[in-house]
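The structure is given below, and queries will be raised subsequently.
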Amino acid sequence: MTPLDDKGRFSIVVGDITASAAEAIVNAANTTLLGGSGVDGAIHAAAGPELLAECRALGGCETGQAKLTRGYRLPARYVLHTPGPIWRGGAQGEAALLASCYRSCLALAEAHGIETVDFPSISTGVYGYPLPQAAPVALKAILDFLAEHSLPRQVRMVCHREETAAVYRQTWNLWYAESKADRL
Ligand code: APR
């Protein structure tokens, strides 16, 4: 996968985020932080019971906010837990909350000097956020943050399925083509 921005700090890949060797992986959690299905279930299963024990002590997390834990048995050193918005049709502030998930995780990573962060496609599974509407929100939040901050050095969107990655890539290519257009 070639880096998709001119500084190569962001890329879109297909894989299982629990196998990621990034310094921090993001968990698409729920507000209890006590685990669930989807990527939340996979991360807890791979990290082991100590992760749940640490999460219990955190007392939950608001939608759009993020909390940091260790990664325990995961290859990643840290997990950034962020509850995404549940899709309710798009008029309940979902886009702003989704953008806030990405920004909060990146800000927390920067505050801890974390250099590499891998994201899953937050809210686009159980929470029902339509992927074509989530992708531009996610990409804009990530790229705006990277434009203003030197940490994290490297951010990836880790898609579990090729079809998910295709939507992120299409969104990126559309933007990139447009931005090239206004350079002519
Ligand atoms: N690696 C990378 N991505 C994954 C993995 C994995 N191992 N497993 C699932 N995904 C992808 C899904 O395919 C989807 O694109 O993560 C994205 C987010 O889907 P969910 O995990 O369902 O998360 P979300 O839609 O944010 O719903 C969160 O589901 O698991 C519960 O406790 C969680 O209540 C919370 C809700």
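Just checking, does segment 158-174 include any residue being at pLDDT below 95, open to solvent by 70 Å² or more (accessible area, probe 1.4 Å) and over 21 Å from VAL39 (Cβ atoms)?
Among the residues of segment 158-174, at least one is at pLDDT below 95, open to solvent by 70 Å² or more (accessible area, probe 1.4 Å) and over 21 Å from VAL39 (Cβ atoms), which makes the answer yes.
Take the residues in segment 110-138 that are more than 9 Å from the ligand (Cβ to nearest atom) and β-branched (Val, Ile, Thr); name whichever of them is surrounded by the fewest Cβ atoms within 10 Å (Cβ to Cβ).
THR116
The values are calculated or read from the model by the stated rules, or taken from the named source; none is laboratory data. The structure presented is a predicted model; accordingly, all values stated were derived computationally and were not measured. Using ideal geometry, Cβ is built from the backbone for each residue, glycine included, and neighbour counts are taken over all protein chains shown. Remember, those area values only see protein heavy atoms, side chains included, never the ligands or the DNA or RNA. Shrake-Rupley method; radii C 1.70, N 1.55, O 1.52, S 1.80 Å.
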